[in-house]
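Have a look at the structure below before the remarks.
What follows is calculated from the coordinates using simple rules that are stated; it is not laboratory data. Note that the structure is predicted; figures quoted are calculated from it, not measured. So basically every Cβ, Gly included, is an ideal-geometry build from the backbone, and we count neighbours across all protein chains shown.
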Amino acid sequence: MESNSRIWKLYVGPDGSVVHGGYGKLGGSGTQPQGSSFAWCAYDPRENLLYSSIYGDNGTVGEIHAYDPARNFEWVRTVKLPYQLREINGGHITKNGNLYLTTDWSKEIVSYQIPSGGRVIQQATGAGTGSMPQILRSRVSSWAPHEL
């Protein structure tokens with residue numbers, strides 16, 4: 001992932017080494033709703049889509065965007081968040097469709113459910129201190145320990 005919205009495609013080769021497979025641009029040759037802002041991404045294993053948003057350092061983030069890696073990262077849809085966040089710096093989607101976002105601004109880890117089709121439902125919010133691995137262990141694992 002680069003700051004100019006390019007995603008590097010890496011594969012594990014037959015010998016276990018990492019092989020470079022080129023790169024794609026968020027939005028492909030079509031709609032690019034994030035412009036060149038690309039602070040995080042999370043892969044949804046249920047729909048085979050990649051989600052991302054702007055970082056939001058000069059404003060707030062009220063939506064995330066879905067892209068299709070199988071179609072050169074073409075934009076698929078925009079999903080509204082229940083409330084606006086700021087400075088999103090990380091995301092993860094579990095096999096059950098739970099989206100966890102971290103934010104530098106409020107030091108929160110926010111949990112959403114993303115049903116197929118893209119309407120998000122907020123599940124939980126937890127404030128954290130310390131390093132991200134400590135926060136993830138103490139907060140997120142108490143919400144969904146079977147998913148991590």
Quiz prompt | For segment 28-115: Kirkwood Rh in Å [reciprocal of mean 1/r, alpha carbons] | solution = 13.0
Quiz item: When the label point is put 7 Å from the Cα of Lys80 along its Cα-to-beta-carbon vector, which residues of segment 26-69 have a backbone N closer than 19 Å?
Solution: 33-34, 52-54, 60-66
Quiz item: Taking the mean number of other Cβ atoms within 10 Å as a proxy for protection, how do you rank 42-50, 92-100 from highest to lowest?
Solution: 92-100, 42-50
Exercise. Starting from the Cα-Cα distance between Ser36 and Asp68, subtract it from 0.36 nm times their residue separation and give me the gain in nm to one decimal.
Key: 9.8 nm
Quiz item: Mean shadow of segment 45-84, computed from the convex hull of its alpha carbons, in nm²?
Solution: 3.3
Exercise. Could you work out how far apart the two model spin labels at Gln113 and Val12 are, taking each label as a point 7 Å from the Cα in the direction of the beta carbon, and quote it in nm?
Key: 3.1
